[in-house]
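Report on one structure; see the data block that follows.
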Amino acid sequence: MKREEIVQEAIRQFQISGLKFTMNDIAASLHIAKKTIYQFYESKEELLSAMLAYGFSDIQKKKQEILASDLDLIDKIRMVMIAMPNQYQVLDFRRLSDLHEKYPKISQELVGYLENDWEPVIRLLEEGVRQHRIRPVSIPILRTMFTASLESFLSSETLNEEHISYNEALEQMMDIIMNGIKEHDYEEKN
């Protein structure tokens, strides 16, 4: 049994039960004793931390693929900002809404992951400004808006109440960021 297998099963159990999954659920699914899990992870909180590290490592790999691609600069910006590997497309991240209450330390780790590694995005934005493909904006403000939105998506019930998936929310957010809210042909009409 490897640490990675336990983490992958924990991610699968999260998809089934959200944060309510148990170490017993993982052990039963992997056909191992619960104490085997505890040989690798002292607690569910430690396992959740490992799940975050594993997931964000995959997200970083996806970002690197996008950055190395031949995509148009604007497409790269959009895709890098909301990079999500295929295996996570099916996860319902709305199930993290009570993470802050139940696991505040893990919630802080999640915020840290969301707020870090902006260097590739900043380079793309700066290139977009140099090429006159995007207008100059305050990157710290954009970063704050973006990460605050992600944190809100993950910690509130808004998406559930509005029946919007996490991935749909990301796409809509990026559409608003990239295109604004002004009707583009309004000035042409008047």
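Some values worked out for this structure:
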item: Region 1-42, relative contact order in percent, only Cα pairs under 8 angstrom and at least six apart counted; result: 35
item: For region 76-101 and region 1-63, distance of Cα centres in Å; result: 17
item: Efficiency of FRET between residue 165 and residue 135 - r from beta-carbon atoms, R0 22 angstrom, step 0.05; result: 0.15
item: Choice from 141, 82, 59 with maximal GNM fluctuation in the chain (Cα, 10 Å cutoff); result: 141
item: Low-density loop cleavage sites - trypsin sites (Lys or Arg not before Pro) in region 1-94, where at most 10 other Cβ are within 10 Å (DSSP); result: 2
item: Cleavage-rule hits (chymotrypsin sites (Phe, Trp or Tyr not before Pro)) in region 30-97: DSSP loop, at most 12 neighbouring Cβ within 10 angstrom; result: none
item: Exposed GluC sites (Glu not before Pro) absent: longest stretch of the chain, with sites in DSSP loops and at most 14 other Cβ within 10 Å deemed exposed; result: 43-156
item: Residue order, fewest to most beta carbons within 10 Å, for 51, 81; result: 51, 81
item: Overall dimensions of region 58-181 by Cα: Rg and Dmax, Å; result: 14.9, 46
item: Length gained when the stretch residue 116-residue 54 is fully extended (0.36 nm per residue, less Cα-Cα span); result: 20.8 nm
item: Across 20/182; 20/61; 63/182; 76/182; 20/76; 61/102, pairs whose alpha-carbon gap is larger than 32 Å; result: 20/182; 20/76
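Readers should treat all values here as calculations from the given coordinates under stated rules, not as data from a laboratory. Keep in mind the model is a prediction, meaning the values are calculated, not measured. Cβ atoms come from the backbone with ideal geometry, glycine included; neighbour counts cover every protein chain shown.
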